[in-house]
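A.B. asks: Here it is, the structure in full.
The values are calculated or read from the model by the stated rules, or taken from the named source; none is laboratory data. Note that this is a predicted model, so its numbers are computed, not measured. Every residue, glycine among them, receives a Cβ derived from its backbone with ideal geometry; neighbour counts consider all protein chains shown. With ligands, DNA and RNA removed, areas are computed over all heavy atoms of the protein, side chains included. Shrake-Rupley method; radii C 1.70, N 1.55, O 1.52, S 1.80 Å.
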Amino acid sequence: MSDVSIKIESQDLSIESLYKDFYTVPDFQREYVWQRNQVEKLLQDVHDEFYDEEGQIIKGPEYFLGSIVVCKGDGGTLQLIDGQQRMTTIYLVLCGIRDLLIEMNETPNDTLKAQLASAATDDDGEEIYRHRLVLQYEDSKGILEQIVNTTEQLDNNSEKTISVDRIKTAYLDIKDFLRANCDTSPKRVRRFYAAFTKRVKLIRIKTPSLTNALKVFETINDRGVGLNAMDLLKNLLFMKTSSKEYPRLKELWKKLIDTVNGCGEKPLRFLRYYIMSQFELDSKKPLREDDIYDWFVKNTKLCGLEDNPLAFLKELIECANAWSKFAKAKNMDDSANPYLRNLVLLSGAARQHYILLLAGRHLKPNLFSKLCQHIENLFFCYIIIREPTKTFERNFALWSKTLRDILDEEGLDAFLKEKIVKDLRSRSLSFNFAFTELNQSRIQQYRVRYILAKLTQYIEQEAWKNPAHDSLDQYIASTVDIEHILPQKPTSFVKESFDKVDQYDEFVEKLGNLTLLEKTINTSVSNEIYEKKIPGYSQSAFLLTKSLVEKPHVGINTSLNRAVKDLKSFSEWTSKTIVTRQKMLQVLAMLVWSIPNDNDSNLGEI
């Protein structure tokens, strides 16, 4: 008889089933390396798969997240040999869901608690309380245990390693994503949790020994784990190409793959957005990743694959090169494009705007920059009003047909007016309301920084009329902090001095309570009451911050005076002044992001 202990087992498991076991990441493994883009891409891909344009859960297929390789460890645990980045991120998502429910005064269910930690029996038969995932490599410094056990002390963690910072950042970004997409609704959080744990699947390959596990890992990474649409497209190209052209086809295919991989982009998303940007699709039937290969098979003539496969492949490479330039904030001629840079800072892992960028890549640099500026405005509006991402895709795909045929400025202006400006106008009231209610819990932190940077930059540009202020990077530099005017960590005196003590935490997070401040000045103002911070704010080089306490003034009717004339200064900092400033920033935002305002309100009316 064969011994089952020497068999390699392969199981198709949901996250719910996966986290019924205990895992360790051995100390010889590399540290946690995922960054914001990878974490947000995982969440965004799952969200796009399970939600419709109205933000409602839809019934549909399961979502496959790949494979992991494990082997038997000590005390009934499984050692993670491959897949620790995904498993750690999934574990952080579960922590984020639990903590978000607690913040909403909801009690996480027992199943969720057990997926994070539970009683287990060790090799001696003793019952111990154990976390479902333990990182054994030194650089982790216990950060995962801290997130599971004492999240409220996270800011006090004195151990600083790259891994600790990345895990902490991933956890905070996950919470930001959940807040933004679940609309601070416990019911929506629970529905996301159910879909995430029941419909996201991984293949777990379990081996009897570490040696076997390493061999399986090597084999998987060397040979691949099945064919996706990209692989099938390659096969289709070979079928349509004469054998004498095979060397050229191989050369071009390698160039395509190298270009897409060089962008850090998922090939299937690139193919999907390529199709949506270059061809007219049925607006009532979204193109899913599972449909990509079938689309190419049915449309070989339309896309040129039938008659000239090499020319088709060259077009794919051209689009991949364009994609690479967009990611680097460059026009097609390699000149810098500040609006593309702003989109990089705003979009995170989102890439829906690439549909329009690919459709308009043929435009001259000055026209393409104008297009990018309008896309940034609309994309930001969609983000603020929480427009479902599928709306982005649908609109951008529909508009691409018109955009592809535009050659001159007159045609582009007509397109922008008919599509983007009109769409912005229809959402103007929603934008006003959402911006007035905006706080740090409703949007990701990097987008909060982007918003404050854009508002600050606008005043500088209007005041000085100097190209030196055209780059947003100087406002998001590490030397610049997001300052909470009402302190995040107040002394009892500061908190009791506020006019609405019971709502202190709510007002701290409001956008009206935030401003950019040089790090050197921020250190000096610390957590004091507003009156003691005034001298620090007056020293800031940022006019939007300086104007909190005084309006800069030079000459008569100068651009500086005109830029700051409607900004408000405050002698005290109360709930009323925070609301007033937030309204002022909302009106300013209408100008910054060119939101059509049919009511003709202005800053002076606040």
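A.B. asks: Condition first: charged (D, E, K, R) and either more than 30 Å from the chain's Cα centre (by Cα) or part of a loop (DSSP other than H, G, I, E, B) (or both). Can you find one or more residues in the stretch 58-68 that meet it?
C.D. replies: Yes, that holds for at least one residue.
A.B. asks: Moving on. When you go through (1) farther than 30 Å from residue 215 by Cβ; (2) crowded, with 17+ Cβ neighbours inside 10 Å; (3) among the acidic types (Asp, Glu) one by one for residue 82, which number turns out not to apply?
C.D. replies: (1)
A.B. asks: OK, next. If I ask for residues that are under 16 Å from residue 463 (Cβ atoms), assigned to a helix (DSSP H, G or I) and in contact (Cβ under 8 Å) with a residue 40 or more places away in the chain, which ones from the stretch 561-594 would you list?
C.D. replies: 562, 563, 564, 588, 591, 592
A.B. asks: Further question: If a residue must be at pLDDT 85 or above, touching a Ser or Thr at 6+ places or on another chain (Cβ under 7 Å) and either among the polar types (S, T, N, Q) or surrounded by fewer than 21 Cβ atoms within 10 Å (Cβ to Cβ) (or both), how many such residues does the stretch 30-42 contain? Explain how you work it out, then say what you get.
C.D. replies: Taking the stretch 30-42 first, the residues at pLDDT 85 or above are 32-42.
Imposing the further condition that a residue be touching a Ser or Thr at 6+ places or on another chain (Cβ under 7 Å) reduces the set to 32, 34, 36, 39, 42.
Narrowing the set further to residues that are either among the polar types (S, T, N, Q) or surrounded by fewer than 21 Cβ atoms within 10 Å (Cβ to Cβ) (or both) leaves 34, 36.
Summing the residues that are at pLDDT 85 or above, touching a Ser or Thr at 6+ places or on another chain (Cβ under 7 Å) and either among the polar types (S, T, N, Q) or surrounded by fewer than 21 Cβ atoms within 10 Å (Cβ to Cβ) (or both) in the stretch 30-42 gives 2.
A.B. asks: Residue check, residue 369 against (1) over 21 Å from residue 471 (Cα atoms); (2) of a type in the set (Ser, Thr, Tyr); (3) modelled with pLDDT of 95 or more, all met but one. Which one?
C.D. replies: (1)
A.B. asks: If only one of 27, 12, 74, 45 is touching a residue at least 12 places away in the same chain (Cβ under 8 Å) and surrounded by 15 or more Cβ atoms within 10 Å (Cβ to Cβ), which one is it?
C.D. replies: On the way: 27 fails: surrounded by 15 or more Cβ atoms within 10 Å (Cβ to Cβ); 12 fails: surrounded by 15 or more Cβ atoms within 10 Å (Cβ to Cβ); 74 fails: surrounded by 15 or more Cβ atoms within 10 Å (Cβ to Cβ).
Among 27, 12, 74, 45, only 45 is touching a residue at least 12 places away in the same chain (Cβ under 8 Å) and surrounded by 15 or more Cβ atoms within 10 Å (Cβ to Cβ).
A.B. asks: So, one more: If you go through the stretch 572-606, how many residues are modelled with pLDDT under 95 and of a type in the set (Gly, Ala, Ser)?
C.D. replies: Residues meeting the conditions: 2.
The rows are residues; the columns are (1) without any contact (Cβ under 8 Å) to a residue 24 or more places away in the chain; (2) of a type in the set (A, V, I, L, M).
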position	(1), (2)
285	yes, no
288	yes, no
293	no, no
296	no, no
303	no, no
307	yes, no
310	no, yes
322	no, yes
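A.B. asks: Pull up the stretch 426-482, narrow it to residues that are outside any helix (DSSP H, G or I) and touching a Pro at 6+ places or on another chain (Cβ under 8 Å), then point me to the one that is least open to solvent (accessible area, probe 1.4 Å).
C.D. replies: For the stretch 426-482, the residue satisfying everything is 471.
A.B. asks: Okay, next question. Please give the number of the condition residue 291 fails out of (1) open to solvent by 80 Å² or more (accessible area, probe 1.4 Å); (2) modelled with pLDDT under 90; (3) among the charged types (D, E, K, R).
C.D. replies: Unmet for residue 291, out of (1) open to solvent by 80 Å² or more (accessible area, probe 1.4 Å); (2) modelled with pLDDT under 90; (3) among the charged types (D, E, K, R): (1).
A.B. asks: Is it the case that the stretch 483-499 has a residue that's closer than 30 Å to residue 373 by Cα, within 28 Å of the chain's Cα centre (by Cα), assigned to a helix (DSSP H, G or I) and in contact (Cβ under 8 Å) with a residue 12 or more places away in the chain?
C.D. replies: No, every residue in the stretch 483-499 fails to be closer than 30 Å to residue 373 by Cα, within 28 Å of the chain's Cα centre (by Cα), assigned to a helix (DSSP H, G or I) and in contact (Cβ under 8 Å) with a residue 12 or more places away in the chain.
A.B. asks: Quick check on residue 396: is it open to solvent by less than 10 Å² (accessible area, probe 1.4 Å), free of Cβ contacts under 8 Å to residues at least 60 places away in the same chain and in contact with a helix residue (DSSP H, G or I) (Cβ under 8 Å, 6 or more places away or on another chain)?
C.D. replies: no
A.B. asks: Report the residue count in the stretch 252-283 for those that are surrounded by fewer than 16 Cβ atoms within 10 Å (Cβ to Cβ) and without any contact (Cβ under 8 Å) to a residue 40 or more places away in the chain.
C.D. replies: Within the stretch 252-283, residues that are surrounded by fewer than 16 Cβ atoms within 10 Å (Cβ to Cβ) and without any contact (Cβ under 8 Å) to a residue 40 or more places away in the chain number 5.
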